[in-house]
Amino acid sequence: MTGIEAHVQQPYKYGFVTDIESEVVPPGLNEDVIRLISAKKQEPAWMLEWRLKAYRNWLKMSEPHWPNVKYGPIDYQAISYYAAPKQRPKLESLDQVDPKLVQTFEKLGIPIEEQKRLSGVAVDAVFDSVSVATTFQAELAKYGVIFMPISQAVREHADLVQKYLGSVVPHNDNFFAALNSAVFTDGSFVYVPKGVRCPLELSTYFRINASATGQFERTLIIADEGSYVSYLEGCSAPMRDENQLHAAVVELVALDNAQIKYSTIQNWYPGDEEGRGGIYNFVTKRGKCAGRNSKISWTQVETGSAITWKYPGCILQGDNSIGEFYSVAVTSHRQQADTGTKMIHLGKNTRSTIVSKGISAGRGQNTYRGLVKIMKGAEGARNYSQCDSMLIGDKCGAHTFPYIDVRNSTAIMEHEASTSKIGEDQIFYLRQRGLSSEDAVSMIVNGFCKEVFKELPMEFAVEATRLLGISLEGSVG
Amino acid sequence: MAKTKALLEVKGLRVAVAGNEILKGVDLAMGEGEVHAIMGPNGSGKSTLAQVLAGHPAYAVLAGTVRYDGKDLLELDPEERARAGVFLAFQYPVEIRGITNSYFLRAALNAVRKNRGQPELDPIDFLQVLEEKLKAIGWDDSMMNRPVNEGFSGGEKKRNEILQLAVLEPRLAILDETDSGLDIDALKTVAEAVNQLRNAERSFLIVTHYQRLLNYIKPDMVHVLADGRMVRSGGPELALELEARGYDWLRDGAMVS
């Protein structure tokens, strides 16, 4: 054994490029580009106005530099804000999707032909700036569930979009959210009507393909009173030497007695061993438990991206509402992650649970940053936070920044934190029982992440376990 | 000794850790089905010998050979040794969070079975095997669904090592100070289980500081290690003599014998 650190890293498996004719808007950002995007999406005037308002705000904002990550300046004028594969403007059925796109998603394990469907999962497949296919729309419509690209929802369900878009993450919320509000291209829209338990898992797969572009998707999920929906997103991108920006916004709204379970498996290209290339994943995700007894649960498994900056949070407005955050974040090579959550307690007897598992290997830097805020009116609020860090090797780092702001004396707060290191003794113990060193590391890491994996839908828990094995393969020798 | 087939043969083994030579030329021969005890004062190199035989990467072999079942043991990775039937019951078993004992043990057993050309066991078949093994040593399954060694008492950890031994069915079981930290009842329980596991093909190398474990597990041979060398070998009576006279007696006089 050559010591921890030695193995060769398994190459990123999703780094291929699809050779497809694309329509790419020249790089640069100004009001004309925003007008062009809006026109391409055939948007109503209110939508364009909202975008422009966001853009004008963005111009006055500056990029945040408080996260514990380092990267060179981003030239926002060098990015193309719209890229779409050329295909027939309106698809009558999924059979008309360009076979190259179908193949691309198939290669990623995301079948978009319904006959090859993932059982029990409806998929919206987003390729660069557009949604290329959404499966099971008709099936879902029988239950009154709307699941479609957000660009389509802007046209067809303007009332809902107008009411909720920006209601959780305002157009000027932060630098990257404002940028997204100005230029967002596609993403998913979900509405689950009163009392409906969505019969399928909904999922969106985001694929960046074109170079020198950014992906700015926007997702809006509304769970009406007494409804339930489980939603999963996955993502990947080609291997390239330059960095690409991904600045998404996700908004969730849960009304009285509604539940939203949102799971993410993030596998953007992380860059190479020397830290060349990779995705800048600067994302704003927030859910509002607007109604009484509502519940929003975020589960994320983050293995990709050169830099991750995201804090999926919950605003617990309704009395007795519940917010949960379960996270596994892996940084290997020279990846950097500054991630965590914000739980804002407004309503009475609101409860939140935070379980964060950070794994650092190689020269990776992993930061947990979390805020728990108990407001004055949040009588009887409770929070439980647990932040565990695991180090593999001695050149990586783990950092924890928990912020706690309590303004009501009836609040009960618990915080636990631990840092552990996979050592040679642990690996030796497992090898002495017959396991290979790869299997030993995988077993130790999976055990460490168990509390989070058990929150994932079954099929995805398997995927997450596998993915974690791949990203850490080679980090221990 | 000539009656049994040789299983382990250590010759002139010299081992260093972090640049310090700990074993300074150790010889040891064990036949199939034999139980040998290695005794010696603290720092004599007993645990080093156990760790080196299992392949711990922190120990550097400077010289010597180790033949195991006709193979050059030192050529094999730790997992290859394990799969070939070398088992080390650790003095300090590690904890593995979030992984149940039964999941871990099944993974280990399947790795060993694969090497023996046997089919892997699914969880249900494994449960049956496990029940048989538990029955044989007279233990219950209360530890099986707890995370590996996490929150285990010292005694539970040692018992867990013996349980793994029972399930993995090694040919050479090395017990590294399995008796340390055990009260007399726990010691008896562990010793009885070990006695159940003795058979004509399985050899035990029992590393211990004290003679008391040998009251319950009767060795065929006792070796005394001092300052990195075997200074005396003999029958079970040697252990009693050590108990009565202490190690200093050997340190001064026995080198010449």
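The values are calculated or read from the model by the stated rules, or taken from the named source; none is laboratory data. Here the structure is a predicted model, which is why all the values come from computation and not from measurement. Positions of Cβ are generated from backbone atoms using ideal geometry, with glycine treated the same way; all protein chains shown enter the neighbour counts.
Taking the criterion of being more than 14 Å from every other protein chain (Cβ to nearest Cβ) and either part of a helix (DSSP H, G or I) or among the aliphatic types (A, V, I, L, M) (or both), the residues of the range B:159-190 that qualify are B:ARG159, B:LEU182, B:ILE184, B:ASP185, B:ALA186, B:LEU187, B:LYS188, B:THR189, B:VAL190. Selection over the range A:383-426 of residues that are surrounded by 15 or more Cβ atoms within 10 Å (Cβ to Cβ), of a type in the set (Val, Ile, Thr) and either out of contact with any helix residue (DSSP H, G or I) (no Cβ under 8 Å at 6 or more places or on another chain) or facing chain B (nearest Cβ under 9 Å) (or both) gives a count of 2.
Counting the residues of the range B:83-106 that are of a type in the set (D, E, K, R), farther than 20 Å from A:THR465 by Cβ and within 8 Å of chain A (Cβ to nearest Cβ) gives 1.
Given B:VAL129, B:VAL94, which one is surrounded by fewer than 21 Cβ atoms within 10 Å (Cβ to Cβ) and in a helix (DSSP H, G or I)? Going through B:VAL129, B:VAL94 in turn, just one is surrounded by fewer than 21 Cβ atoms within 10 Å (Cβ to Cβ) and in a helix (DSSP H, G or I): B:VAL129.
Remark: pairs (first residue in the range B:114-129, closer than 14 Å to B:VAL167 by Cβ; second residue among the aromatic types (Phe, Trp, Tyr) and exposed (fewer than 10 other Cβ atoms within 10 Å of the Cβ); Cβ separation under 8 Å; 6+ apart in sequence or on different chains) are absent. Scanning the range A:430-477 for residues that are of a type in the set (Val, Ile, Thr) and modelled with pLDDT of 85 or more gives A:VAL441, A:ILE444, A:VAL445, A:VAL452. Could you go through the range A:382-401 and let me know if any residue there is over 27 Å from A:ASN243 (Cα atoms) and not in a strand (DSSP E or B). Within the range A:382-401, not a single residue is over 27 Å from A:ASN243 (Cα atoms) and not in a strand (DSSP E or B).
Which residues, counting only those in the range A:434-447, are crowded, with 24+ Cβ neighbours inside 10 Å and either in contact with a strand residue (DSSP E or B) (Cβ under 8 Å, 6 or more places away or on another chain) or more than 7 Å from chain B (Cβ to nearest Cβ) (or both)? Selection gives A:ALA440, A:VAL441, A:ILE444, A:VAL445. Just for the range A:20-31: of the residues that are modelled with pLDDT of 75 or more and surrounded by fewer than 13 Cβ atoms within 10 Å (Cβ to Cβ), which one is nearest to A:LYS107 (Cα to Cα)? Filtering the range A:20-31 for residues that are modelled with pLDDT of 75 or more and surrounded by fewer than 13 Cβ atoms within 10 Å (Cβ to Cβ), the one nearest to A:LYS107 (Cα to Cα) comes out as A:PRO26.
Yes/no per residue for (1) under 19 Å from A:VAL283 (Cβ atoms); (2) hydrophobic (A, V, I, L, M, F, W, C); (3) free of Cβ contacts under 8 Å to residues at least 12 places away in the same chain:
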position: A:ILE37; (1), (2), (3): no, yes, no
position: A:LYS40; (1), (2), (3): no, no, no
position: A:GLU43; (1), (2), (3): no, no, no
position: A:GLU49; (1), (2), (3): no, no, yes
position: A:ALA54; (1), (2), (3): yes, yes, no
position: A:HIS65; (1), (2), (3): yes, no, yes
position: A:PRO73; (1), (2), (3): no, no, yes
position: A:ILE79; (1), (2), (3): yes, yes, no
position: A:PRO85; (1), (2), (3): no, no, no
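Here the condition is being at pLDDT 90 or above, among the basic types (Lys, Arg) and over 20 Å from the mean Cα position of the chain (by Cα); of B:ARG116, B:ARG159, it holds for B:ARG116 alone. Of all residues in the range A:258-272, exactly one satisfies the criterion of being among the small types (Gly, Ala, Ser) and within 15 Å of the chain's Cα centre (by Cα), namely A:SER263.
For the range B:16-46, give me each residue that is of a type in the set (Gly, Ala, Ser) and surrounded by fewer than 21 Cβ atoms within 10 Å (Cβ to Cβ). Within the range B:16-46, B:ALA16, B:ALA18, B:GLY19, B:GLY25, B:ALA29, B:GLY31, B:GLY33, B:GLY43 meet the criteria.
Of the residues contained in the range B:121-138, one or more are found to be more than 29 Å from B:GLU34 (Cα to Cα), within 14 Å of chain A (Cβ to nearest Cβ) and hydrophobic (A, V, I, L, M, F, W, C). Scoring A:ILE222 on the criteria (1) more than 26 Å from A:ASN172 (Cα to Cα); (2) out of contact with any Ser or Thr (no Cβ under 8 Å at 6 or more places or on another chain); (3) part of a strand (DSSP E or B); (4) among the hydrophobic types (A, V, I, L, M, F, W, C) leaves a single failure, condition (1). If the condition is being assigned to a loop (DSSP other than H, G, I, E, B), within 17 Å of B:ALA89 (Cβ to Cβ) and modelled with pLDDT under 90, then the range B:135-151 contributes B:TRP139, B:MET143. Each residue in the range A:109-137 was checked for being surrounded by fewer than 19 Cβ atoms within 10 Å (Cβ to Cβ) and modelled with pLDDT under 75, and 10 of them qualify. When you check A:TYR205 against the structure, is it closer than 20 Å to A:ILE74 by Cα, among the aromatic types (Phe, Trp, Tyr), at pLDDT below 95 and in contact with a Gly (Cβ under 8 Å, 6 or more places away or on another chain), yes or no? So A:TYR205 does not fit the description; no. The single condition among (1) facing chain B (nearest Cβ under 10 Å); (2) assigned to a loop (DSSP other than H, G, I, E, B) that A:GLY377 does not meet is (1).
Under the condition of being of a type in the set (A, V, I, L, M, F, W, C) and either at pLDDT 95 or above or assigned to a strand (DSSP E or B) (or both), which residue from the range A:350-374 is farthest from A:TYR326 (Cα to Cα)? Don't jump to the end; show me each part of the working.
From the range A:350-374, those of a type in the set (A, V, I, L, M, F, W, C) are A:354-355, A:359, A:361, A:371-372, A:374; that's our starting set.
Okay, now just the ones that are also either at pLDDT 95 or above or assigned to a strand (DSSP E or B) (or both), so A:354-355, A:359, A:371-372, A:374.
Working: A:ILE354: 6, A:VAL355: 5, A:ILE359: 14, A:LEU371: 14, A:VAL372: 15, A:ILE374: 20 Å.
Going through the qualifying residues, I end up with A:ILE374.
Filtered by the rule that a residue be charged (D, E, K, R) and touching a Gly at 6+ places or on another chain (Cβ under 9 Å), the range B:48-79 gives B:ASP69, B:ASP77, B:GLU79. The criterion of being within 14 Å of another protein chain (Cβ to nearest Cβ), assigned to a helix (DSSP H, G or I), buried (at least 22 other Cβ atoms within 10 Å of the Cβ) and at pLDDT below 95 does not hold for B:LEU109.
Taking the conditions (1) under 17 Å from the mean Cα position of the chain (by Cα); (2) more than 10 Å from every other protein chain (Cβ to nearest Cβ); (3) more than 26 Å from B:PHE152 (Cα to Cα) in turn, B:GLU80 satisfies each one other than (2).
All of (1) surrounded by 15 or more Cβ atoms within 10 Å (Cβ to Cβ); (2) within 11 Å of chain A (Cβ to nearest Cβ); (3) over 23 Å from B:LEU28 (Cβ atoms) hold for B:ARG116 with one exception: (1). The residue that is surrounded by the fewest Cβ atoms within 10 Å (Cβ to Cβ), among those in the range B:47-75 that are within 11 Å of chain A (Cβ to nearest Cβ) and in contact with a helix residue (DSSP H, G or I) (Cβ under 9 Å, 6 or more places away or on another chain), is B:ALA58.
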